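Novice: Quick one: the structure is below, and I'll ask about it shortly.
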Amino acid sequence: MKFELLPFALSCLTAFIKAESWKFNVVSIKGPSYDIGLKYNNEVLKMEPSEFPLFTTTIESGSSNNYKYVLLDKDGNVVEEEENERTYTSETSSINEVYNRENKVVDIPPLPKVYDPLFKSGTNKYQEYDDSEIYTLYADCIESEYNDLKYGPFVNNEKTANCTVNFITRTETYQRNATLELIGYDSRKYKKLSWKFKLSKKIFGRKTLKFRAGANEPTLMRDKLSVELYKSVGVPTYSSAYSRVIINDDVYGLYNIVDTLGTNWLSSIIHGNEKAHTGTSYKTYAGASLEYLGETQKDYSIGSYKLDEIDEDDPEANGNNYYRLAHFAKTYANWIDQYQNDQSQAAVDALENFFNLESLLRQMVIESLTFAFDDFWANSGNYALYYNPEQSKYQIIPYDFDGTFHGSKSSKRFDKDYLENPENCINWADHARVNEDNYFVGALLNHDIIRNRYNVIMKDTIDRVFNVDSISPLIENIRNLIEVDVVWNFGLIDELDNEIPGYVNHYTHEDFIGNINYDRVKYNPSVNRNSADFGLKQWIKTRSEECQTYAVNAINGEYNNKTTTTSISTTAATATTTTTTTTTTTTTTTTTTTSKSNNTNTDTPTSTSSITTSTIKKYIPTSTVPSRCGPEYGACAREGQCCSKYNYCGTSDAHCGAGCQSEFGICNNNNTTTTTKKTTTTTTTTKKTTTTTTTKKTSTTSRKIPTSTVSSRCGPEYGACAREGQCCSKYNYCGTSDAHCGTGCQSEFGICNNNNTTTTTKKTTTTTTTKKTTTTTTKKTSTTSKKIPTSTVSSRCGPEYGACALEGQCCSKYNYCGTSDAHCGTGCQSEFGICNNKPTTTTTKKTTTTTKKTTTTKKTTTTTKKTTTTTKKTTTTTKKTTTTKKTSTTSKKIPTSTVSSRCGPEYGACAREGQCCSKYNYCGTSDAHCGTGCQPAYGLCN
């Protein structure tokens, strides 16, 4: 359809008494080969490109307040028009609207605060990005220089391109000269590249704008969520928001815009004063172990460190740009030498004299919870080492968090059972670094005070912020802000210049919604280069539960009791001295309370003498890695310690009990001499019926205990293990290892290792032959009762919101209201709306039934680790006749949309007759609406 171009002076509009001048500003999200027009009173006026992609015009108002923007080719022909009609308000002239986007500002509330910030954070001129809006950047670059970058991202590693940049916010427009650079390493492998612009003049107090593509990420939220988590625990890192990026004719899509950790950032965020004296900082890449290698740059130029900011006035450096890196590494090495075996507060104080320990421990907790496999702890990279001259201390600052909330990605760097062993929350990265380096972190966690502080931070963080209830509101608000742009972004990848090399991912709207919730994105090499093994909320729930168990047990002394070579244990005023030699004798006195049947309580002082022996041989080397032992490390360095099955040194039952490796330390022997004096005698009469079976694993699970519906979880909160043959560990995880089936195993929720058991086996065989004739009519039914409140949030439902507000809608498993199969089918929540229920009206005729039952009871004696039960199957033959009626996909049950130009599951059918509902939930009559992806349930389709 072609419109006549509206003359510049709309003198023909006389149907009003008092004309007003109306100004319009709109940002194009298309390339520079298109213009934008204003459609008013069914006529089109071409708008002027003031600073592309911003277009403006002014008209005299008429009788209508409604208008649209349209896309024009260079000849002035209408190529496309907006799907939603706009209404002019007093605000319109003062804002920059965006083509085909609603005018909305979404408040992104901060996460609950765990700790106060460690630094001043921010100045009047340098504030965090406004994450309640989406910015737009257009760069007009010298074509040849830009082509060198995009066509050769690895070949032209150090090249730049000269550009003019227009950066547009909701209310402001900034134009700057800039140089364009590629950033990242892995990000260069993708067609959608990541960029950095160095500006001639500051924008928001910044001389650099950094855009992260997130090309391998189906939610574009992982980096943003990590930033917000660091803010929550008071750790300084960059701020983050969203921006559209267009360079020359290439429309790249939606990006995370983040800070670079340069001088402006350091002075404002760390020092709280834009004129502050800042120190030297170094960027790091995988393998930056912080070991002392020498005094000069040549000692550290191995691809792991890069000088980022230099303090030219550093009085100690004497012109050596790598002095601060060498000085820190050497000082830390000296601290290890002096305090490696010192568990006193003085050792920690000595470390904190030159290093910000608290900031790093908080950072490490977030890295563990988010499984940041590409950052400091797991990969010794993506962090800055900064010397703070105001405090005369060094600190570590994290950055780049796209490798979070993914889990291990099946990498051999991490243990396979990392979600089944709570201790993984502190040892998760032990083998992850280059050459399995554990130098820096191992020395830290060797100190009980430091380790205990980590445990407390872990518990506080999970209690206050790292849980689904606390993070879900943030996820939902970000979704509301970026959802339309994310879908637009996914569709651009095949429109991007085909000559740009690199991987592509064809993620979908369904991938986005599913992966911010509990669904994984499966690996499909024909469509996507990258999968996502965990939905965001799924990961948060799984990891928080695991690490909550770890933190509680660690604080209670389950994993690592504080130990000394000589200690005094006092119970009942009895002093005991422990002396450690090759054979160690430990004498302890304890008081135990035993509860008997017949309502008799007995308080029994018990004196126990136990012998702990070590089989350490002189030819086994002593471990040089703090707190580590075993075949890869050697014997525990400190006398009197046990080497656990996980290769950690300590003195707790977890170290010295089941699985303890006696060749690398001492262990608890089974040979114990116990002398017990009882002061109260209790008589108990017991009847015994014994069948002798030699079996190691037995189960006392009864039918009354429900089966767990949560993968790999069991125990009082979950129920019995879902898979047969699994044990329920003391930490409420299912599995078959000694850690699951040994000490602390909960036999009521699975099998356990027992030496003496009584087993009675019954086999029942039932054979049934049944013929049925069944007629089934399918209806949508609702089990919503009046007791469930109606949701007050548009299109939302479920436990957090209530029942769908519009009649005839279903509540999907993701808590959205609608009428599509995605809403009414699998996972539909019938208590909050209607659902598809097939067996509603059933007529059944039984013609022949033959049933035989045979029951055999046997006593068996077996000598095995596992008991196998063979049961004959029940065979049922059923013949069904099903009649199903097809009805129109558009029925009276689907409500009419009350939102202008919108349709689909969240809105309803198009309000205007003759319109189609596009795959993006907009009403219209173009091929884009009525063709591929058109939703016939909500309007017409071709």
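The values are calculated or read from the model by the stated rules, or taken from the named source; none is laboratory data. Keep in mind the model is a prediction, meaning the values are calculated, not measured. Every residue, glycine among them, receives a Cβ derived from its backbone with ideal geometry; neighbour counts consider all protein chains shown. Each accessible area value is taken on the protein alone, full model and side chains, heavy atoms only, with ligands, DNA and RNA left out. Shrake-Rupley method; radii C 1.70, N 1.55, O 1.52, S 1.80 Å.
Novice: Which stretch or stretches of region 913-942 have amide N atoms under 19 Å from the point lying 7 Å from Val78's Cα along the Cα→Cβ direction?
Specialist: 913-918, 922-931, by backbone N distance to the label point.
Novice: Could you order the peptides 78-91, 208-221 from most to least packed, using the average number of other C-beta atoms within 10 Å per residue?
Specialist: 208-221, 78-91
Novice: Here's another thing I want to ask about it. Averaging sequence separations of C-alpha pairs under 8 Å and six or more residues apart, then dividing by the length of region 707-754, give the relative contact order as a whole percent.
Specialist: 32
Novice: Say R0 is 22 Å: what FRET efficiency, to the nearest 0.05, do Tyr503 and Ala286 get from their beta-carbon distance?
Specialist: So, using R0 = 22 Å, E works out to roughly 0.65.
Novice: Packing-wise, with mean Cβ within 10 Å as the measure, how do 195-207, 414-426 rank, highest first?
Specialist: In decreasing order of mean packing, 195-207, 414-426 become 414-426, 195-207.
Novice: Residue separation times 0.36 nm, minus the C-alpha to C-alpha distance between Ala346 and Asp130: what's the value? Let's see the in-between values first.
Specialist: On the way: separation 216, 0.36 × 216 = 77.76 nm, distance 4.39 nm.
Computed gain between Ala346 and Asp130 is 73.4 nm.
Novice: While we're looking at this one, here's another question. Add +1 for every Lys or Arg and -1 for every Asp or Glu among the other residues with Cβ under 14 Å from the Cβ of Trp488, and state the total.
Specialist: Neighbour charge sum, excluding Trp488 itself: -3.
Novice: Ok, one more. Please state the Cα pair-distance histogram of region 707-754 with 5 angstrom bins from zero: what percent is in each bin?
Specialist: 5, 33, 39, 18, 4, 0
Novice: Order these peptides, 510-522, 303-315, by their mean beta-carbon neighbour count within 10 angstrom, highest first.
Specialist: Most protected by this proxy first, the peptides run 510-522, 303-315.
Novice: Per residue, how much accessible area does region 622-668 show when a 1.4 Å probe rolls over the protein heavy atoms, in square angstrom?
Specialist: Numbers: 1750 Å² over 47 residues.
Value for region 622-668: 37 Å² per residue.
Novice: If we count every other residue with Cβ under 11 angstrom of Glu800's Cβ, Lys/Arg +1 and Asp/Glu -1, where does the sum land?
Specialist: Local net charge: -1.
Novice: Kindly identify region 469-557 as rounded, prolate or oblate by the Cα gyration tensor criterion: order the square roots of the eigenvalues as a ≥ b ≥ c, call it rounded if a/c is under 1.5, otherwise compare a/b with b/c, prolate if a/b is larger, else oblate.
Specialist: prolate
Novice: Tell me the label-point distance for the pair Asn42, Ile555, using the 7 Å Cα-to-Cβ offset, in nm and rounded to one decimal.
Specialist: 7.0
Novice: Mind giving me the FRET efficiency for Val105 and Ser737? R0 is 51 Å, r the Cβ-Cβ distance, nearest 0.05 is fine.
Specialist: In this case the efficiency is close to 0.45.
Novice: Turning to a different aspect of this structure: Could you pull out every residue, at least 5 positions away or on a different chain, whose amide H is within less than 5 Å of the one on Thr896? Hs are placed 1.01 Å off N in the peptide plane, and Pro or chain starts have none.
Specialist: Under 5 Å from the amide H of Thr896: Ala909.
Novice: With r as the distance between the Cβ atoms of Gln175 and Ser21 and R0 = 25 Å, compute the FRET efficiency 1/(1 + (r/R0)^6) and round to 0.05.
Specialist: About 0.50, to the nearest 0.05.
Novice: Quick one: of the DSSP bridges fully inside region 281-462, what percent are antiparallel, nearest 5?
Specialist: The antiparallel proportion sits near 95 percent.
Novice: Mind scanning Lys412/Lys645; Lys120/Lys537; Lys196/Lys522 and naming the pairs with a C-alpha gap bigger than 25 Å?
Specialist: Beyond 25 Å between Cα atoms: Lys120/Lys537; Lys196/Lys522.
Novice: Restricting to Cα pairs below 8 Å that are 6+ residues apart, what does the relative contact order work out to for region 622-668? Please round to a whole percent.
Specialist: Relative contact order, region 622-668: 32 percent.
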